[in-house]
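**Student:** Have a look at the structure that comes next, please.
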Amino acid sequence: MEFLTGLFNKVNGWLVTQLGELGPLIAVGGLGLLLCVVALPTLLKKQKDPFRQLREARTEDAKDGKKGGLRLGGKNEKLDRFAQYLEPQDEEELSATQLQMIRAGYRSKSSIQMFSFAKLALGIGGLLFGTFYVLISGGGGSAQNSVLMVLVPGFVGYYAPKYWITKRIQKREEEITAGFPDTLDLMLVCVEAGQSLDQAIIKVATEVKSSYPALAEEFEIVSYEMKAGKDRSKVLRDMGERVGIQDVNSFITTMIQSASFGTSIAEALRVYADEMRDKRIMRAEEKANKLPTKMTLFTMLFCVPPLLIILIGPSIYGIATDLGGG
């Protein structure tokens, strides 16, 4: 570690001696430009995607008035040209990223490309902003501060889309968790009224759309897939994987087991709905019990200093006046 620190200081001193105070910044910029020049031939030699050829053929047929062929659309054509650079090449990583985007509510085919493009664009934009700021401010002090002023906005811009996706996932999970007990109660009413589970899911997806749109969207997907003839167990498991919430996965397991063993779905729904209501009450009580602990710090910050001023202030003022008069 000491060797690396000494080497860095020597290189930094040599750059400052040769190029001035902004020498390290110029070196970093030159290295970035060199990497862009090296990567440019790879971009220009990109092989044509077979699917792109198929789309172009489809477009030509459409211009000629021909019909038929595959159904196209759903992707951003401009970003699709650079799909091999904007999408993970590893299949597991691609699946994990796609699942993350779905849990955040972005289901379009180009969501992964847009996510990668946003990270790249904001990262480069942050670097350019930092460089512009350093040039305008005259260096920002030492060379290390100048480099940090350039790199920090780039890191912030690069990780901002990931932070946004994480917050979106948390918000959707909270919405689904909050609305799930009410949804089960409504589903239980529909089943006890004589509707099948498939009809109850369709009814629930319609009724809760205004209150819990994320949960209604998931049930709509389930209803569409079941209408298309997909197996109910597979559809429910896919929903559990998309949502990624333990309560929903437990409900899906209960429904599958109830259908497998031939037990009453209404009875299973009634028991699980009661359990979900109890868990919602316990979560509310947990938040209420945490509130006094969280308020203690703010109470000390905003209540204790004014109280001390009111109680001790007159005494201090009187002592200061006596000392001044004496």
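**Student:** Given the condition under 22 Å from Asp238 (Cβ atoms), more than 21 Å from the chain's Cα centre (by Cα), surrounded by 13 or more Cβ atoms within 10 Å (Cβ to Cβ) and touching a residue at least 60 places away in the same chain (Cβ under 8 Å), answer yes or no: does some residue in the range 159-167 qualify?
**Tutor:** no
**Student:** Does Lys234 meet the test of being in a helix (DSSP H, G or I) and either in contact (Cβ under 8 Å) with a residue 60 or more places away in the chain or more than 23 Å from Cys190 (Cα to Cα) (or both)?
**Tutor:** no
**Student:** Tell me, yes or no, whether the range 133-146 has at least one residue that is out of contact with any Lys or Arg (no Cβ under 7 Å at 6 or more places or on another chain), without any contact (Cβ under 8 Å) to a residue 12 or more places away in the chain and crowded, with 20+ Cβ neighbours inside 10 Å.
**Tutor:** yes
**Student:** Check Ser233, Ser258, Ser196, Ser264 and return the single one that is over 24 Å from the mean Cα position of the chain (by Cα) and crowded, with 18+ Cβ neighbours inside 10 Å.
**Tutor:** Residue meeting the stated conditions: Ser258.
**Student:** I've got another one for you. Do we have Arg242 as surrounded by 14 or more Cβ atoms within 10 Å (Cβ to Cβ), basic (Lys, Arg) and in a helix (DSSP H, G or I) here?
**Tutor:** Working: surrounded by 14 or more Cβ atoms within 10 Å (Cβ to Cβ): yes; basic (Lys, Arg): yes; in a helix (DSSP H, G or I): yes.
So Arg242 passes the test.
**Student:** Oh, and also: Take Leu99 and decide whether it is modelled with pLDDT of 80 or more, assigned to a helix (DSSP H, G or I) and farther than 29 Å from Tyr212 by Cα.
**Tutor:** Taking the combined requirement at face value, the residue does not satisfy it.
The values are calculated or read from the model by the stated rules, or taken from the named source; none is laboratory data. The shown structure was predicted, so the numbers you read here are calculated from the model rather than taken from an experiment. Note that each Cβ is placed from the backbone with ideal geometry, even for glycine, and that neighbours are counted across all protein chains shown.
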